[in-house]
Amino acid sequence: MKFRLKKWRNDFTKSRNSELWYDINDDWGTIASSLKAQYGYSVREKIETMNWGELVDDISNLMEDTPLRKVSTNKSRRRQR
């Protein structure tokens, strides 16, 4: 399944700033491990049957203790310095 890279929402930001702190291509391994940790499924196995909206919702609702949120938090802190 091919996904069009379209910005749906400002994930992991609390302001109206349009910057995202992750890239779906560059951080795919971190995204996959975060989805596995929180939801218990392998996105690499389920990707053919998922729709884009479901994937975006799962990514945007990741909790703070997942690898992607930790990386995103570190990137945003470094950028704010």
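For this structure, a couple of remarks:
- Cβ-based exposure ranking for Y39, Y22, in which fewest neighbours within 10 Å come first: Y39, Y22
- Sites M63 and D26 - FRET efficiency at Förster radius 25 Å, r taken between beta-carbons, to 0.05: 0.70
- Cleavage-rule hits (GluC sites (Glu not before Pro)) in the stretch 24-81: DSSP loop, at most 12 neighbouring Cβ within 10 angstrom: E48, E64
- The three principal axes of the Cα atoms in the stretch 28-80 give end-to-end lengths of 38, 19, 16 Å, sorted in falling order.
A short reminder: the numbers here are calculations on the coordinates, not readings from a lab. Remember, predicted model here, so these are calculated numbers, not experimental data. Using ideal geometry, Cβ is built from the backbone for each residue, glycine included, and neighbour counts are taken over all protein chains shown.
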